[in-house]
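I have placed the structure first, in the form of C-alpha cells, so that the comments after it can refer back to it.
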Amino acid sequence: QHACEEPKEEPQNLDEEREQWKDALLADEDWQATIVRYSGKGTAVLQYAREAMTVFDDFLRLKFSLDTIRTKKDYSQSFIGWWRYHNFNLKTEELSGGAQQHIPKVVYSSGRPERSSKVEELMETGKRATEIAMKIYNSQAV
C-alpha cells in the first residue's frame, strides 16, 4: 500500500460485511435503476429496500443460512430472488409474516358439504364394503 492511502477498514464479522454490502447496493445508482425496472413497482420499491433486506436477513437467520452468502454479488442475487418470489411486496409486515392473513373457507355453490379427505373416503368405502360382505355372508348362511 502507498503511504498516503488509508487502509480499508476490515469488517469484524459477516454481519458487518453484510451491512456494508447493503449500504453499497443502496448507494449504487445502477443497482437502484435495475431493481426499479425489474420490480415493476416504480421508485417506491427503493423506499422499502432496506427494510426488505432486514426481513431477508431474518429469513436467512431462521434457516441458519447467513454464512452461505459470502459476497456482495451473492447477497444481491439472493435478496432480489427472494424479494421477487414475494412479488416485491412493499408491506414488510407481510414479508415477515407479522400480519395474519385470513384465508377464506371454500364454500361450495352446490350446497354440498365440504369434501372429505381421501383417507376418510377410503375408511367410509371400507365400512360400506364390510357391510355388504356381511349381508352377503348372512344371506348365504341361512
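A few points about this structure:
- Spin-label model, Asp74 to Glu124: label points 7 Å out along the Cα-to-beta-carbon direction sit 5.2 nm apart.
- Label point distance in nm, Glu16-Ile136, each placed 7 Å from Cα along Cα→Cβ: 7.9 nm
- Segment 14-95, relative contact order in percent, only Cα pairs under 8 angstrom and at least six apart counted: 36 percent
- Structure note, pairs Lys41/Lys73; Lys41/Lys72; Lys41/Lys91: Cα-Cα distances above 19 angstrom occur for Lys41/Lys73; Lys41/Lys72.
FYI, it's all coordinate maths here, none of it is from the lab. Given the structure is predicted, the values throughout are model-derived calculations rather than measurements. Every residue, glycine as well, gets a Cβ built from its backbone with ideal geometry; the counts of neighbours run over all protein chains shown.
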